[in-house]
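None of the figures in this text is laboratory data; all of them are computed from the coordinates on show. Note that the structure is predicted; figures quoted are calculated from it, not measured. In this analysis, Cβ positions are derived from the backbone assuming ideal geometry, glycine residues included, and neighbour counts consider all displayed protein chains.
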Amino acid sequence: MDTIYGKYKGLKSSQIKQLKKLYHQKLPGDIVVTPEFAQRLAAISTEINQPVCTYINRRGQVIRVGVGNARQTQIPPLELPRYGAKRLSGIRCIATKLKAEPPKESSLTAMVCQRLDALALLTLTGTGKLKRGGGATGYIHNTYLAHLLPQFEANSENQEYWSVSEPISLDVLSEQDFLDLVEGLEAEFEREYVAQQVDISHDRVILVGLWVEQTSEQEFEDGLNELMGLVNTAGGEVLQTIRQKRSRPHPQTLVGEGKVQEIALRVQTVGANLVAFDRSLSPAQIRNLESQFGVRVVDRTEIILDIFAQRAQSRAGKLQVELAQLEYMLPRLVGRGQAMSRLGGGIGTRGPGETKLETERRSIQKRIARLQRDVTQLQAHRSRMRHQRQKKDVPNVAIVGYTNAGKSTLINALTNSEVYVANQLFATLDPTTRRLSIPHADTSEPTNILLTDTVGFIQQLPPPLVDAFRATLEEVTEADALIHVVDLSHPAWEHQIRSVMEILGEMPIAPGPILLVFNKLDRVDSETLAQAKEEFPLALFISASDRLGLETLRQKLSLLVDYAGLGD
């Protein structure tokens, strides 16, 4: 492999030849660089009047030669070995610089992003010459040796990522015990890795939030906090949160180029294996970001889909989740590379044949069509069940609200049921219907109604989920009345009310009368309670977990049913 990387255009063929010869050099494994190799590198760099970088593995083999600085010639993250936070990449960079000055931050950042064993910088002065016999003379002014530093606090944003030596002579550099340096560093990384009690079964996640001008600071922070809750619910561990304010998203990477480099730096220093963004990403943006970070990149939609896949229990729920995931995946198959192509093996299939990408796309399209038929059948089955209930003149009241507002806790408290409850986002997905007796407004005889617990809502509900869960959401549109449960203890409760009402407003059929119920009264301060009562004087205030206000709720339900003309 004699490929030259970086800014080599315009060089003479003889100069390219000399650069390619560097691949045939072999260095001892226990020193950073030999004086002979350093002088040869300096002479080539001086002759072409450009910096040169060589990347060497621990066996002393030159594996990459580039023209330019360490940032311009760095190895793409996806081509580097992934050892995590407790290992280095096993590659060192020997670089030249035409000025007698320390390495710049961009080169040091590239060192961290690649988790290089070390960066040795040779600063040059004067002129150098290549000898006929292959030897070289050059003028190396002095050298610098840089390496990574362990990150003792994953959440700290003010740590030093690297150490850079004072200017040292080439003789001192060549006498450095390179193996001792690397082994000592990796021992420190290992100790820090163990001290952090890293659980390899959990994704280690960096959150990224983009704040655009159209969004208020409070809405932006609420969205980031919600994303953190989603990641925790999905089983991830949030290591750091990175924010950027821009007038509009960057079309290629969502965030700016400098922020991309900062995220790549954090990924390497804290040992993250996943980067999660607070908004939807296009397939091209995901590919661009993954090529920069060297780890998986997900957006808000994919995290929600992952949670739904974990939570779905019934056949209906699993069908709908799979449909949503496949519809999300289909446009993201593009750009998987030439490795997906295959050759045909029979008559009519010889030649380039059909690519694996096309085969996979067709397979997914067929699966989507079949799932859509199944969901349509499910929709018809639920419609028949609803018609049967309606024939019995039993009113149906659906409980709606933002995810984790306490809907399942409420239905358990009202009907003495055992619907799954957890302090998580989207703890339950499948609609659950229970019978409830409430007092009749005009007689002493109780009235029976059906109470349905529905999937929790969330702001900016991904379109694939709205489509796939249309059968579930029909429980809302077909309900005779709604109980809108709000978590009053949540700092963004007003925004959550608006989000739920926006989703209800987009329903194909307008829902019936709505009773607004503020939950978790036991966790609310007096100021918030007073504000809610002033803004929503007709609302009801309860604590489902402490069973406070439930009798009043039953009476309100009786009036609601009577108002809708649904009583016996």
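So what are the ³J(HN,Hα) numbers for the stretch 202-210, from phi and the Karplus equation (6.51, -1.76, 1.60; θ = phi - 60°), rounded to whole Hz, Gly and Pro as x?
Calculated HN-Hα couplings, in order: 9, 5, 9, 10, 10, 8, 10, x, 10 Hz.
Taking every DSSP beta bridge with both residues inside the stretch 1-122, roughly what % is antiparallel (nearest 5)? Kindly include the intermediate steps, with their values, before the conclusion.
Numbers: 11 of 19 bridges.
Once the DSSP bridges in the stretch 1-122 are tallied, antiparallel ones form about 60 percent.
Is the stretch 4-195 best put as rounded, prolate or oblate by its Cα gyration tensor, with a ≥ b ≥ c the root eigenvalues, rounded for a/c under 1.5, and otherwise prolate when a/b is larger than b/c, oblate when not? Mind showing how you got there, number by number?
On the way: a/c = 1.85, a/b = 1.75, b/c = 1.06.
Judged from the Cα gyration tensor, the stretch 4-195 comes out prolate (a/c at least 1.5, a/b above b/c).
How large is ³J(HN,Hα) for each residue in the stretch 519-529, as worked out from phi by the Karplus curve 6.51 cos²θ - 1.76 cosθ + 1.60 (θ = phi - 60°), to whole Hz, x for Gly and Pro?
Using θ = phi - 60°, the values come out as 9, 6, 4, 5, 10, 10, 7, 5, 5, 5, 4 Hz.
Which whole-angstrom value gives the distance between the alpha carbon centres of the stretch 547-562 and the stretch 55-120?
68
Separation between the residue 369 and residue 24 pseudo-spin-labels, each 7 Å from Cα along Cα→Cβ, expressed in nm?
About 6.0 nm, to one decimal.
How do 405-412, 452-459, 305-312, 250-257 rank on mean C-beta neighbours within 10 Å, highest first? Don't jump to the answer; show the numbers that get you there.
Details: 405-412: 25.2, 452-459: 22.6, 305-312: 19.8, 250-257: 16.4.
Per-residue Cβ counts within 10 Å, averaged per peptide and sorted highest first, yield 405-412, 452-459, 305-312, 250-257.
Based on the mean of other Cβ atoms within 10 Å per residue, sort peptides 289-302, 177-190, 361-374 so the most packed one is first. Can you show the working numbers first?
Numbers: 289-302: 20.5, 177-190: 15.5, 361-374: 13.5.
Put in order of decreasing packing, that is 289-302, 177-190, 361-374.
Using the Karplus curve 6.51 cos²θ - 1.76 cosθ + 1.60 with θ = phi - 60°, what ³J(HN,Hα) values do you get for each residue of the stretch 166-182, in whole Hz, with x for Gly and Pro?
The phi angles translate into 5, x, 10, 6, 4, 4, 5, 4, 6, 9, 5, 7, 5, 5, 5, 4, 5 Hz.
From the square roots a ≥ b ≥ c of the eigenvalues of the alpha-carbon gyration tensor of the stretch 204-298, which class results: rounded (a/c under 1.5), prolate (a/b over b/c), or oblate?
Numbers: a/c = 1.61, a/b = 1.08, b/c = 1.49.
Since a/c reaches 1.5 but b/c is at least a/b, the shape of the stretch 204-298 is classed as oblate.
Which one, 512, 541, 495, is farthest towards the positive end of the dipole of the stretch 473-543 when Lys and Arg carry +1 and Asp and Glu -1 on their Cβ?
Going by the Cα projections, it comes out as 541.
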